[in-house]
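Structure, as structure tokens:
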Amino acid sequence: MKDVIPIQTNNTETIAVSKNSKNIYQQAIDTFSNFCRARSLFVLHYCTGCGAIELPPAMTSRFDMERLGIQPMVTPRQADILLITGYVSIKTLKRVILTYEQMQGPKYVIGICSCTVNGGMYWQSYATAKVLSEYLPVDMYIAGCMPRPEAVLTGLQQLMKKIEKGEANSWENYFKRYDYYLGNQQHLFGDTWHTPTDILEEARHYHLYGAESTGNNTARLIKYTVEHDLTKLDAPLREKDSMTKRGKK
Amino acid sequence: MSGQHIFLELILMPLLAFMIGLFLVLMMRKVRARIERRVGPPFLQPLWDIIKLYVKKMQISHGVIHDLGIIMLLGGYITAEVFLPVPGMSGFTSQGDIITLIYLMMVPSLGLALGVGQCANPNGSIGISRALTAMLAYDIPFIVVIAGACLYYGTTDLTEIIALQKSQQWGLLSMPILALAGLIAIHAMLGKEPFEIYVAPAEIATGPMVEMSGKYLGSLFVMQCLQIYTITVLYTSLFLGGGYTWFDFIPKLFLVALLPVMITVIFPRYKTDDVLRWLWKWPTGLALLGLAIVVLQG
């Protein structure tokens, strides 16, 4: 089945949002919101790779993340940043995607270590996902094998600057270009891949639905969920090409 | 008292409680950081956290009861603030005495139980069952302490209790055993180690907070500010003579909050049944002893 779905490697630049529609009060509120967002970051660590060992010194007395307003959180619902340290095996990537979809926007993904950038020393492995940003919108890569805590903190500070300027919007891409990300996920996991979170419905609800949200890959997902009766049939919003709700696996 | 005046107090008292609560939370985090030899959070960190959580662009509600539970837990504490006398403002203190206040302080736990119940997360359910067990554990010594204090002063009106302490001596000096039992009880009420059974991040993933996101978690952060304020003000009013002015009142609040934080860092966490056993044995025993002394003196 994996041969049927090719991997897609088109550009993943943020789709620009028009800012002209906002008046001065909305802009002021946005600026203040971004100011607060940049000063309070809750981090969820997904530490299955070797880079995890650099995080305890970054959090404890030597470097102390909390002085920058960064603190660890334990569930995806509470977190802002998903910190992925080191290689993600294909089995791990499924869990990472499930975790990511449960987080609340604005949410940011940071890939630490070379393995998340290009596969690193595991680039020949059959069992690892090589480029993380093909499966999730990644805001920041911190390269190195492994990056020292100084590098981790510098990366976090760069992300804070991006957030304060209002440029860290790549989480919106997951909704706007869901077809692309889903296609690459299906490339690895097969065309029966589905998660409990209904991304397309969320995209509609939060006005993030774009031309690239649906396509061949989402059609495959919808076909699968309809065939296996995972759709809620009584949902009034159901259309031919859309799926309103998916049940749990 | 004019209607306008009481209306102003109704707005000012919860607002001041929130602001002082923010600084109490900041102090707790800062002291914990210093004990762990870290720098600790910046000055306005608790405020940034709360604003950030309220301006999240995606909010997940798990249903009507989830929303109502959050309103109930915030409402319980906001209402409790107007029954707590502070320097210059007494709110509804003379209409509702300390027993009303104890009722109101139980509402947030029940609201939290309702709200978390609808999240249908097993960690949340375990957390809330532990939170209610902890409430059962610390409320017994706490109520015995309050009963002893009220027996000693001969009134349940907090303003009168404060006035009596101003004319005689502080409750801390006249009934030291009850004050000690009360201090242990408020340590458990604040949910700090070793009584941190219902948050337990490494064990049940923060328990009641597990499914809370965005403004729901923000409301819990606000609740934490109000909770610390309510508990410290109540203890200060009962045993430290309340406040003559804000300048001696606020240091007393910080001192009461500081004592549990100073010793909490060295403790691991008790098991749920051990919390119940320990709190029903030592602080309850001390409180009953203090009560007996008050009754025999009387």
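The values are calculated or read from the model by the stated rules, or taken from the named source; none is laboratory data. As the structure is a computational prediction, the values presented were derived from the model and not from experiment. Here the Cβ is made from the backbone with ideal geometry for all residues, glycine too, and neighbour counts use every protein chain on show.
Does region B:201-208 include one or more residues that are away from chain A (no Cβ under 13 Å) and of a type outside the set (S, T, N, Q)? Within region B:201-208 (the criterion being away from chain A (no Cβ under 13 Å) and of a type outside the set (S, T, N, Q)), the answer is no, since none of the residues qualifies. Set side by side, the residues B:LEU220, B:LEU276, B:LEU259, B:LEU226 differ, and just one is more than 27 Å from B:VAL116 (Cα to Cα), in contact with a helix residue (DSSP H, G or I) (Cβ under 7 Å, 6 or more places away or on another chain) and not charged (D, E, K, R), which is B:LEU259.
In the list B:LEU291, B:LEU286, B:LEU276, B:LEU255, which residue meets the criterion of being under 20 Å from the mean Cα position of the chain (by Cα) and in contact (Cβ under 8 Å) with a residue 40 or more places away in the chain?
Numbers: B:LEU291 fails: under 20 Å from the mean Cα position of the chain (by Cα); B:LEU286 fails: under 20 Å from the mean Cα position of the chain (by Cα); B:LEU255 fails: in contact (Cβ under 8 Å) with a residue 40 or more places away in the chain.
Of B:LEU291, B:LEU286, B:LEU276, B:LEU255, the one residue that is under 20 Å from the mean Cα position of the chain (by Cα) and in contact (Cβ under 8 Å) with a residue 40 or more places away in the chain is B:LEU276.
From the list B:VAL107, B:VAL25, B:VAL39, which residue is modelled with pLDDT of 85 or more, in a loop (DSSP other than H, G, I, E, B) and of a type in the set (A, V, I, L, M, F, W, C)?
Working: B:VAL107 fails: in a loop (DSSP other than H, G, I, E, B); B:VAL25 fails: in a loop (DSSP other than H, G, I, E, B).
Going through B:VAL107, B:VAL25, B:VAL39 in turn, the sole match is B:VAL39.
For first residues located in region A:8-36 and modelled with pLDDT of 85 or more, partners that are outside any loop (DSSP other than H, G, I, E, B) and lie 6+ apart or on another chain with Cβ distances below 7 Å form the pairs A:ASN34/A:ILE163; A:ASN34/A:GLU164; A:PHE35/A:GLU164; A:CYS36/B:TRP48; A:CYS36/B:ILE51; A:CYS36/B:LYS52. Among the residues of region B:52-80, those that are surrounded by 19 or more Cβ atoms within 10 Å (Cβ to Cβ) and either under 20 Å from A:TYR206 (Cα atoms) or over 19 Å from the mean Cα position of the chain (by Cα) (or both) comprise B:LYS52, B:LEU53, B:LYS56, B:HIS62, B:HIS66. Count of region B:52-93 residues, restricted to those that are away from every other protein chain (no Cβ under 14 Å) and outside any helix (DSSP H, G or I), is 13. Of everything in region A:50-79, what is among the small types (Gly, Ala, Ser), touching a helix residue (DSSP H, G or I) at 6+ places or on another chain (Cβ under 7 Å) and within 26 Å of A:GLY120 (Cβ to Cβ)? Give them in sequence order. Of everything in region A:50-79, just one residue is among the small types (Gly, Ala, Ser), touching a helix residue (DSSP H, G or I) at 6+ places or on another chain (Cβ under 7 Å) and within 26 Å of A:GLY120 (Cβ to Cβ), namely A:ALA58.
When each of A:GLU227, A:GLU239, A:GLU201, A:GLU164 is tested for being under 30 Å from A:GLU54 (Cβ atoms) and either at pLDDT 85 or above or not β-branched (Val, Ile, Thr) (or both), the lone residue that passes is A:GLU164. Residues that are within 9 Å of another protein chain (Cβ to nearest Cβ), farther than 17 Å from B:THR206 by Cβ and polar (S, T, N, Q) were ranked within region A:56-109; the one that is surrounded by the fewest Cβ atoms within 10 Å (Cβ to Cβ) is A:SER61.
The one condition from (1) within 14 Å of chain A (Cβ to nearest Cβ); (2) touching a Phe, Trp or Tyr at 6+ places or on another chain (Cβ under 7 Å); (3) at positive phi; (4) small (Gly, Ala, Ser) that B:GLY218 does not meet is (3).
Taking region B:149-199 as the region of interest, the helices (runs of 4 or more DSSP H) fully inside it that hold 2 or more residues being of a type outside the set (Lys, Arg) and under 30 Å from B:GLY124 (Cβ atoms) are B:176-189.
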